[in-house]
Amino acid sequence: MPSIISISGVTKTYATGFKALKEINLDIERGEIFALLGPNGAGKTTLISIVCGIVNRSSGTVTVDGNDISRNYRTARSLIGLVPQELTIDAFESVWATVNYSRGLFGKPADHAFVEKVLRDLSLWDKKEAKAITLSGGMKRRLMIAKALSHEPRVLFLDEPTAGVDVELRQDMWAMVRRLREDGVTIILTTHYIEEAEAMADRVGVINRGEIVLVEDKAELMRTLGRKRLLLELRSPLVTIPETFSRYALELSPDGNQLTYTYDNQSERPGVASLLRDLETAGIQFRDIDTQNSSLEEIFVNLVRRDA
Amino acid sequence: MNLRAVWAIYKMEMARAFRTVLQSIVSPVISTSLYFVVFGSAIGSRITEIDGISYGAFIVPGLIMLSLLTQSISNASFAIYFPKFVGSIYELLSAPVSYLEIIIAYVGGAATKSIILGLIILATAALFVPLTIEHPFWMLAFLVLTAVTFSLFGFIIGIWARSFEQLQLVPLLIITPLTFLGGSFYSIDMLPGVWRTVTLFNPVLYLVSGFRWSFYGKSDVSIGISLGMTVVFLFICIAIVAWIFRTGYRLRT
């Protein structure tokens, strides 16, 4: 099945000469949750804004479900819902009015039952008569999502959806995103919370300095780029790591009770067995042993650093 | 055509007017009444008639025009500037709507509001002075044409403005002086020769003059020229808006 969003050779150079995007090629699969990671100013929001029609691209093509975003902009845009990063709502409108307005703006006939369902799903029904200005930050974020969902989009862009949101609301949003995915909605989210991508995404794309550095299935990414750590709880504390262990990437905890060995789990010779042998020879005994996979955050930081 | 979107925007704009009814309707009506009291009584006691029309009645078309111009501009400029200012313009730009639909909705909303206001002022004026409308069709035609033209002009200002100060700049520094100097409160025949010629360069003169003709059948310049100039302003505004949307000027980066 063809991808739902196809971005091909997209570049963006602003009038100031700043190159925000350099030749972006990216395909988003139908029904997946795609996490776009990148440091501040990497080009995440510019890329989303181009797909949604808010920013004009300098070159390249973008299609949404086969519809070119310039030639068939009506069909392309009607398939997309966007929740931008900033809480930008007409402050003096009621929740009910503004969500119904969004539905009309996207060309859908009035459907009060559907809008009610959206508001109920987002725990906003009790606030339907409230003006946006009176809502808390979390409620405003829900309202932005309700507006984006009001026209039943097939693709939902969430630009930093949980920035500044408390833990409970974040959990609610994650649950909502999963529900939407079950309904067949494709979700593209940008986030600073790596654990969000780690918990939710099917695939991860990393963008840095206007270039896609990597696009990978999340599990595969964790496997191939992941580094492992071997943690050794020592029987008696060490003051320093003996010279003879200089060939190993070892770290000693400040209290001298734990040795950490970081290694590449893809390597033919990760060195775990020889380290353990050498420790025994040196008379360093340990009472417990553990291993940890590196998190997506570490993978991300490494990728961005390597690229810098 | 995405008529549902046009209707959604139009309805939202009209709802905003009714929400701010004090600012949108009551305030201009009070200002107009004050003009009647001040100009009508103070000047009217010295100038009893112009072209056979009582001074109080003479200034009615000019007063309506003054409100029509300023309100059309402020309605339309604010309507598009506010979403730009708070950032909610993202929704409009990402929606499946064409530029034409955006204009029809916003300019239609702004023009409707100022036409309603113009009619309210007309009704208010009827309480103060005896009014005759010799050419009701042309009166409405001038009302609608002017409201649409200056709503378009306001829309352009709203897109151009980067601050609230800029938003107020053109109405305050250009439109209000031009209206006061455009024969709203006097006939240009009352001016010395050189100032009469200077006034002929004031575009508002043609609007006021044409509008007054539709009431009393008398005008400073011929009705054909007034109508022609109004249509020329309309097309200038349409051309600028078309350019803005073709280039994405200050809307899409």
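Just checking the output field for A:79-88: average partner chain Cβ neighbours within 10 Å of each residue's Cβ? Walk me through the numbers before you get to the answer.
Numbers: counts 1, 3, 1, 5, 1, 5, 2, 4, 3, 8.
Other-chain Cβ atoms within 10 Å of each residue's Cβ, averaged: 3.
Note down the magnitude of the dipole of the protein assembly as shown about its Cα centre, charges +1 on Lys and Arg C-beta and -1 on Asp and Glu C-beta and zero elsewhere, to the nearest 20 debye.
Numbers: 53 positive and 52 negative charges, 277 e Å.
Here the size comes out at about 1340 debye.
Note on residue A:228: lysines with a C-alpha under 24 Å away, same-chain residues under 8 apart excluded, are A:218.
Using packing as a proxy for protection, rank B:211-221, B:47-57 so that the peptide with the highest average count of other Cβ atoms within 10 Å comes first. Walk me through the intermediate numbers first.
Numbers: B:211-221: 21.7, B:47-57: 15.5.
Ranked by mean Cβ neighbours within 10 Å, highest first: B:211-221, B:47-57.
Comparing A:77, A:223, A:235 in a Gaussian network model of chain A where C-alpha atoms under 10 Å apart are linked, the largest mean-square fluctuation is found at A:235.
Charged side chains reduced to their Cβ positions (Lys and Arg at +1, Asp and Glu at -1) give the stretch B:3-247 a dipole of some 440 debye around its Cα centre.
For peptide B:81-94, the mean count of partner chain Cβ atoms within 10 Å of a residue's Cβ comes to 6.
Think of chain B as having a plus end and a minus end, set by charges on the Cβ of Lys, Arg, Asp and Glu; of B:245, B:62, B:136, B:245 sits farthest toward the positive end of this dipole.
The residue list A:300, A:92, A:6 was ranked by how far each Cα lies along the charge dipole of chain A toward its positive end, using unit charges on Cβ atoms, and A:92 comes out on top. Give the distance, in whole Å, between the Cα centre of the stretch A:172-216 and the Cα centre of the stretch B:47-85. Measuring centre to centre over Cα atoms gives 54 Å.
Just round it to a whole percent: the fraction of Cα-Cα distances in the protein assembly as shown exceeding 42 Å.
On the way: 65271 of 157080 pairs.
Value for the protein assembly as shown (Cα pairs over 42 Å): 42 percent.
Using Cα springs under 10 Å in a Gaussian network model of chain B, which residue among B:140, B:205, B:191 shows the largest mean-square fluctuation? Per the Cα network of chain B with a 10 Å cutoff, B:191 tops the list.
Excluding same-chain neighbours fewer than eight residues apart, the aspartates and glutamates reachable from residue A:127 by a Cα-Cα span under 15 Å are A:93, A:116.
Checking the table A:108/B:11; B:84/B:113; B:11/B:113; A:22/A:44; A:44/A:140 against a 18 Å threshold on Cα-Cα, which pairs fail? Spell out each step's value before the answer.
On the way: A:108/B:11 15 Å; B:84/B:113 21 Å; B:11/B:113 12 Å; A:22/A:44 12 Å; A:44/A:140 22 Å.
Over 18 Å apart, Cα to Cα: B:84/B:113; A:44/A:140.
If you count the DSSP beta bridges with both ends in the protein assembly as shown, what percent of them are antiparallel, to the nearest 5? Please list the in-between numbers first.
Details: 39 of 56 bridges.
Here the antiparallel bridges make up roughly 70 percent for the protein assembly as shown.
Volume per residue of the convex hull around the Cα atoms, evaluated for the stretch A:95-165, comes out as 87 Å³. Remark: chain A is approximated by an ellipsoid whose semi-axes, taken from the C-alpha gyration tensor as √(5λ), come to 46, 24, 16 Å, largest first. If only the Cβ of Lys and Arg carry +1 and only the Cβ of Asp and Glu carry -1, the dipole of the stretch A:227-293 around its Cα centre is close to 120 debye. In chain B, the convex hull through the Cα atoms has an average projected area of 13.8 nm², a quarter of its surface area.
With N set to the residue count of the stretch A:227-293, report its C-alpha Rg divided by 2.2 N^0.38 Å to two decimal places.
Working: Rg = 11.2 Å, N = 67, 2.2 N^0.38 = 10.9 Å.
Normalised Rg, Cα atoms only: 1.03.
When the charge dipole of chain B is built from unit charges on Cβ atoms (+1 for Lys and Arg, -1 for Asp and Glu) and taken about the Cα centre, the candidate among B:181, B:40, B:195 whose Cα reaches farthest toward its positive end is B:181. Other protein chain C-beta atoms within 10 Å of residue C-beta, averaged over B:4-13: 5. Would you mind checking the stretch A:180-197 for residues with the amide N under 17 Å from a putative spin-label position 7 Å along Cα→C-beta of residue A:30? What the label zone holds, given the 17 Å backbone N cut-off, is A:181-188.
Under a GNM of chain A (C-alpha, springs under 10 Å), which listed residue has the highest mean-square fluctuation: A:143, A:21, A:259? Largest GNM mean-square fluctuation: A:259.
Bear in mind that the values in this text are calculations on the coordinates, not laboratory data. Here the structure is a predicted model, which is why all the values come from computation and not from measurement. With ideal geometry, Cβ positions are generated from the backbone for all residues, glycine too; neighbour counts draw on all protein chains shown.
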